[in-house]
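Encoded as structure tokens, the structure appears first; notes follow it.
The values are calculated or read from the model by the stated rules, or taken from the named source; none is laboratory data. Computed from a predicted structure; not experimentally measured. Virtual Cβ from ideal backbone geometry, glycine too; neighbours counted across all protein chains shown.
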Amino acid sequence: MKGEHPIRMLCDLLGVSHSGYYRWRQERPSTRQREDAAIAAKIMAAHKASRGVYGAPRILEDLREEGTCTSKRRCARLMREQGLRGRKKHRRKPRTTDSRHNQPIAANLIAMRPAPTGPNQIWLTDITFIETAEGWLYLAAILDLWSRRIVGWACGPTLHACLVLAALHDALKRRRPPKGLLHHSDRGGQYVDEDYIKALDAAGIERSMSRSGNCFDNAAMESFWSNLKSDTELDKSIPASRRLAELAVFDYIETFYNPARRHSSLGQISPVAFENRQKLKDIKAA
């Protein structure tokens, strides 16, 4: 219309001042600003979907996966402008290992083995604790070193061997591993319990144990504990009951960590996606 009629006449007809019209034209969002607004909305959605856990690197992977091309720097800037940030990890290591026992210690075989090339070759296991208003809740978990997937876990009010045995039975039921799997743990008394060793032997699983006082032999498991505590904020807030804490653990492992949480060592995809991708490759190669 403005190509057919003078701007001044159109402004008079619409009751708009000439200066106001030209100021509005100058202040309209640029193409870059409109793109920023669209990307910022997607960043907000991705951050919310990650439960407020992801920082710019993982948010960027989400954006690229759904077809939005942008840079890490732009993503970080738009996150800052919206007051969004990844959740920081709080380095607090619980002490759940009591190696003051006279039971035989297994050799540290994990240091001699090559990195796993598929599932159910090396499992790591450990115990942590969660503070609740009812007292401590202890959590035992088993992690597949290849995919970083939690393949079995169990919670309980005590550190008795039945806790780690329940986690082992959960893993065996889910995965049904072949004989020759290597099971690596610390030197805690639970892992040299007679019933636990019998369960490993019956499944054809080989034992391996960390060096004394060396947490680096089980680094991937320690990393999972750190993620669990920081992502769920169980290192800050205290659940009202052990049951609520166990439900938080279930929600984290089964609905977020295994199927959805991006893992830097897996190329920024989740443990389930990593395993599924390998299954697809195997099918194509067959």
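If the requirement is being in contact with a helix residue (DSSP H, G or I) (Cβ under 7 Å, 6 or more places away or on another chain) and either at pLDDT 85 or above or on the phi < 0 side of the Ramachandran plot (or both), which of these qualifies: M112, M44, M79?
Only one candidate passes the filter, namely M79.
Considering A202, A154, which residue is surrounded by 13 or more Cβ atoms within 10 Å (Cβ to Cβ) and not aromatic (F, W, Y)?
A154
Tell me which of these L159 doesn't satisfy, since it passes every other one: (1) modelled with pLDDT of 95 or more; (2) in a loop (DSSP other than H, G, I, E, B).
(1)
Would you check if there is a residue in segment 195-204 being free of Cβ contacts under 8 Å to residues at least 24 places away in the same chain and in a loop (DSSP other than H, G, I, E, B)?
No.
Here are some residues: S241, S223. Which one is modelled with pLDDT of 90 or more and touching an Asp or Glu at 6+ places or on another chain (Cβ under 7 Å)?
Details: S223 fails: touching an Asp or Glu at 6+ places or on another chain (Cβ under 7 Å).
After applying the criteria, what remains is S241.
For segment 54-78, give me the residue count where each residue is of a type in the set (V, I, T) and under 14 Å from the mean Cα position of the chain (by Cα).
Result for segment 54-78: 1.
Conditions (1) in contact with a His (Cβ under 6 Å, 6 or more places away or on another chain); (2) of a type in the set (G, A, S); (3) touching a residue at least 12 places away in the same chain (Cβ under 8 Å), marked per residue:
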| site | (1), (2), (3) |
| --- | --- |
| I110 | yes, no, yes |
| G118 | no, yes, yes |
| W123 | yes, no, yes |
| I130 | no, no, yes |
| C155 | no, no, yes |
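Can you pull out every residue in segment 230-245 that is in a loop (DSSP other than H, G, I, E, B) and closer than 13 Å to P157 by Cα?
Answer for segment 230-245, where residues must be in a loop (DSSP other than H, G, I, E, B) and closer than 13 Å to P157 by Cα: just S241.
For segment 232-286, give me the residue count where each residue is in contact with a strand residue (DSSP E or B) (Cβ under 7 Å, 6 or more places away or on another chain) and among the hydroxyl-bearing types (S, T, Y).
The number of residues fulfilling the criteria is 3.
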